[in-house]
1. Over 29 Å between Cα atoms, which of Lys158/Lys299; Lys206/Lys363; Lys296/Lys392 qualify?
2. Taking the Cα centroid of the stretch 185-251 and of the stretch 320-374, what is the distance between the two, rounded to the nearest whole Å?
3. Subtracting the Cα-Cα distance from 0.36 nm times the residue separation, let me have the gained length for Lys158 to Lys206 in nm, one decimal.
4. Summing Lys, Arg as +1 and Asp, Glu as -1, what charge do residues with Cβ under 11 Å from the Cβ of Thr326 carry, Thr326 excluded?
5. What does the net charge come to around Ser213 if you take all other residues with beta carbon closer than 11 Å to its beta carbon, with K and R at +1 and D and E at -1?
6. Taking the beta-carbon count within 10 Å as an exposure proxy, list Phe321, Phe212 from fewest neighbours to most.
7. Report the label-to-label distance for Val92 and Gln58 in nanometres (one decimal), using points 7 Å from each Cα along the Cα→Cβ vector.
8. When Phe167, Phe183, Phe61 are ordered from fewest to most other Cβ atoms inside 10 Å of their Cβ, what list results?
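FYI, it's all coordinate maths here, none of it is from the lab. Computed from a predicted model, the values in this text were never measured in an experiment. Here the Cβ positions follow ideal geometry from the backbone for every residue, glycine too, while neighbour counts run over all protein chains shown.
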Amino acid sequence: MSGGTIPLLLVCLCLMFGSVQNQGSSQDAFIIQYLERRLAQMEERLSLCEQNTLSLTQKTFDLSSEVRGCQSTLSSFRSEVKTQMDSVSARVDRVEGELEYLENKIPTQSDIEMEEALLEQQIKVAELEQIKTKAKLNVENDCSTALSQIKSLKIVKKAGDPNGSWFKDPSEGSAKVYLLSGFRNNTVLEFSSLENFTKTSSLPDKVMQLPFSWRGTGHVVYNGFLYYHKADTPNQILKVDLLNGTVVDSTLLPGAGRLPVYSLNPNTYLDMAVDELGLWVIHADLEYEGNLVITKLDKGTLGIEYTWDTQCRSRDAEGAFLMCGTLYVVYNTRFGGRSTIQCLYDIHDTIHSNESPVIFFPKRYTSHSSIHYHPGDKQLYAWDDGYQTVYKVETRSNDKTAAE
C-alpha cells in the first residue's frame, strides 16, 4: 500500500465516523423529545386524577353530612312516632275503659221506656210553665188601651245622618233624651231634656263612646241602660250601663238575625221596643215565612219570658212599635210616601187586624228609619230622613180586655 493511499483511507474513516456520530446525536434528540412529551401527558393525567380525587372526596364528605342529617331526622321522627304511639295506646286503653263503663251503664228496654215517659212528662210540665208565664204576663201587666189614631206631627230638629234613632228613657222620672246617629256607630249623645235637645245651638250634656258599635237603628234606653244589637254579630243583644259605659249583660236571641226585620229598613235585624209591659225585641224569622216575631225579655237578666209569632209580614214594612202588648207594624213603599199601620198583633188576642181600620200617619212623604213608642208620653219618637219627629197618638179603651 502506497504512502498516498493510507492518508486517503484515514480521511475516509474519519468521514465515516463523523457521519455515524451525527446520526447517533439526531436519534438521541428525538428520543428525548418523545420522552418529554410523554412525561408532560402523564403530568396532565396525574393533575386531572388529583382534581377528580379532590372532587370525589368533597362529594363523599357532603354525602356523609347529608346521611348524618337524615339519621338525625329519622331519629327525631322515630321519637315522635313512639310518643304518638304511646298516646294512641293510652287513648285506646281509655276508650276501652269508657266502652266497658257504657256497657255497664246501658239501660234495659224497660228503663228506656221509663225514661221516655219521664221525658214526656217533663215536656208537658215545661209547656204548662210557658202557659202559666204567658197568663201571668197577661194578668199582672194587663193593658186596656189600644191605638185609635196618630193625631199630629211635630218636627223637633234635624241632626245627624239621614238614618238613626232617638228617644227618651221611658222609666218614671227620667227626662233624658238620647240620639244615636247612623246604622253603625258607637257614639251616644245624651241631653238632659227635650227642651235642651230642641235648641239649635245646644250641645249634648254627655258624649259617650260605647265599648262596641251598634248595628241598625233598633235601640232603646230603659232605666238608665242602653239595649242594642252588637255590630258584626247576627243576634247578640248588649245591655250597657250609661253611667259608666260598661257592658253589664248580653244575650243571644234564637232564630233572629238571618234577615232584616223590615224590608224597607234593610240594615236593622233586631228592633228593641219598650211599652207598658216592659222590654221587647222584634225580629223576622225564616221559620215563620219571614213574618215578624216578638219576644218579651226580662230587662234585668235579658232572659226570654215568652215569644209570639205573628202574621204581620216583614215585606214593605219600615218599622213597628208595641203598645200595651200589641204590635203595630208600619208599612210604606220603597219610593217613600205616607206611612200606614196595616197589621197588628195583640198578645191578649182581643184586637185583630181584620177588625181594625188602617191607621194613617200625618202627611210627610218620606220614610222612617226608626219609630219608638214612649208609654209615659203616649208619643212616637221617629227618625225621618234626618229629621227628629214626634207623633202624638190617641188611644181608646179596649172594651174586650176590660170586660174580661
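1. Numbers: Lys158/Lys299 31 Å; Lys206/Lys363 34 Å; Lys296/Lys392 25 Å.
Over 29 Å Cα-Cα: Lys158/Lys299; Lys206/Lys363.
2. 25 Å
3. Working: separation 48, 0.36 × 48 = 17.28 nm, distance 1.89 nm.
Stretched fully, the Lys158-Lys206 segment lengthens by 15.4 nm.
4. Values: positive: none; negative: Asp275, Glu276, Asp346, Asp349.
Combined, the nearby Lys, Arg, Asp and Glu give -4.
5. Values: positive: Arg184, Arg215, Lys230; negative: Asp232.
Charge balance in the 11 Å sphere: +2.
6. On the way: Phe321 26, Phe212 16.
If I rank by nearby Cβ atoms, fewest first, I get Phe212, Phe321.
7. 5.1 nm
8. On the way: Phe167 26, Phe183 21, Phe61 10.
The fewest-first ordering by Cβ neighbours comes to Phe61, Phe183, Phe167.
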